[in-house]
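Below is one structure, written out as structure tokens; comments come after it.
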Amino acid sequence: VQKALIPLVSSLPKGDQPAPGQEGADPEASPPPVKKKGRAKPQLPQPPYAPVLLFCEGLRWNRSLVSVNLSSCALDYTADFVLAQALEHHPTLETLDLSGNPHGAAGLAAILRAAVSGTSKLTKIDINDI
């Protein structure tokens, strides 16, 4: 039995020698990453509108917020029109920060029209850095 193992053992690589068929391989290279089996996370489809519009629309039904900060969140004129509808009917909102957003003239006009309506409770609107 020992004589049969000698050729087998002698064919094994010694020390830092590459195994047969592995000549030229980098001995310091790490093995390829092991792929984990399992399910991939499903990708949700992107809505055809900005999700912040849902927040702006939801303000219409909120009855408790006194201050809202929507600064630098890419509100454009479409969001301003939705927000204007909510502002006209909000019973407690007093302060609104809309700074750093690309409103455009039409969007700002809609917000200001809602702010000066007789039903709005707004006392402060920040529109810096537009």
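Each reported figure results from applying straightforward, stated rules to the coordinates on display, with no laboratory input. What you see is a predicted model; the values in this text were computed from it and never measured. Here the Cβ positions follow ideal geometry from the backbone for every residue, glycine too, while neighbour counts run over all protein chains shown.
Key figures
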| read-out | value |
| --- | --- |
| Per-residue ³J(HN,Hα) for region 52-62, Karplus 6.51 cos²θ - 1.76 cosθ + 1.60, θ = phi - 60°, Hz, x for Gly and Pro | 5, 5, 5, 5, 4, 5, x, 4, 4, 9, 6 |
| Full-extension gain in nm, Glu57 to His89, via 0.36 nm per residue minus C-alpha separation | 10.4 nm |
| 13 Å beta-carbon shell around Val66, net charge (K/R +1, D/E -1) | +1 |
| For a label point 7 Å along the Cα-to-beta-carbon line of Gln46, residues of region 94-119 with backbone N under 19 Å | 102 |
| Positive minus negative residues near Leu98 (Lys, Arg vs Asp, Glu; Cβ under 12 Å) | -4 |
